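Here, each number is a calculation from the coordinates, and none is a lab measurement. This one's a predicted model, so the numbers in the text were calculated from it and none came from an experiment. When we count neighbours, we look across all protein chains shown, and the Cβ atoms used for this are built from the backbone with ideal geometry, even at glycine.
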Amino acid sequence: MRVINKCIKEGELDDANGKAFVVEGSNNAKLRVQFFWPFRGDYWVIELDEENYQYAIVGTPSRKYMWILSRRPKMNEEIYNSLLQKSSAKGFDISKLIKTEQNYPQ
């Protein structure tokens with residue numbers, strides 16, 4: 001599948017395109033993501049809104065990196081705080097998390 005990462009870097013929109021490969025036997029919860037050959041990284045879906053697929057927590061097995069992803073620019077604060085608690089309980093250092101303002105043109 002195609003992966004597109006976007007961020008605002010020094011006031012400019014920056015993006016990276018990659019490919020994701022499902023790890024066999026993971027029930028689609030573990031991905032190997034490649035932004036440039038030959039390097040791939042492990043991205044594990046560790047929490048998912050199973051009702052509407054509106055949010056997910058994706059992290060690395062080392063717990064060094066973690067992202068809270070949302071389909072909407074603004075996430076319900078209660079849900080966000082719940083996801084922070086779940087991430088912390090799974091061993092992620094949430095003090096390093098940067099909450100991105102989603103106010104750029106889509």
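Numbers at a glance
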{"item": "Residue within the stretch 35-43 that is farther than 20 Å from Glu24 by Cα and among the small types (Gly, Ala, Ser) present", "result": "no"}
{"item": "Filtered residue count, the stretch 13-49, keeping only those that are more than 29 Å from Ser82 (Cα to Cα), in a loop (DSSP other than H, G, I, E, B) and in contact with a Phe, Trp or Tyr (Cβ under 9 Å, 6 or more places away or on another chain)", "result": "0"}
{"item": "Hey, Gly18 over 24 Å from Lys90 (Cα atoms), over 15 Å from the mean Cα position of the chain (by Cα) and of a type in the set (Gly, Ala, Ser) or not", "result": "no"}
{"item": "Selection from the stretch 62-99 of residues that are surrounded by 11 or more Cβ atoms within 10 Å (Cβ to Cβ), aliphatic (A, V, I, L, M) and part of a loop (DSSP other than H, G, I, E, B)", "result": "Met75, Leu97"}
{"item": "Where a residue in the stretch 4-24 is under 20 Å from Val45 (Cα atoms) and its partner, wherever it lies, is exposed (fewer than 11 other Cβ atoms within 10 Å of the Cβ) and among the small types (Gly, Ala, Ser), with Cβ under 6 Å and at least six apart", "result": "none"}
{"item": "Hey, Asn52 out of contact with any strand residue (DSSP E or B) (no Cβ under 8 Å at 6 or more places or on another chain), assigned to a helix (DSSP H, G or I) and not small (Gly, Ala, Ser) or not", "result": "no"}
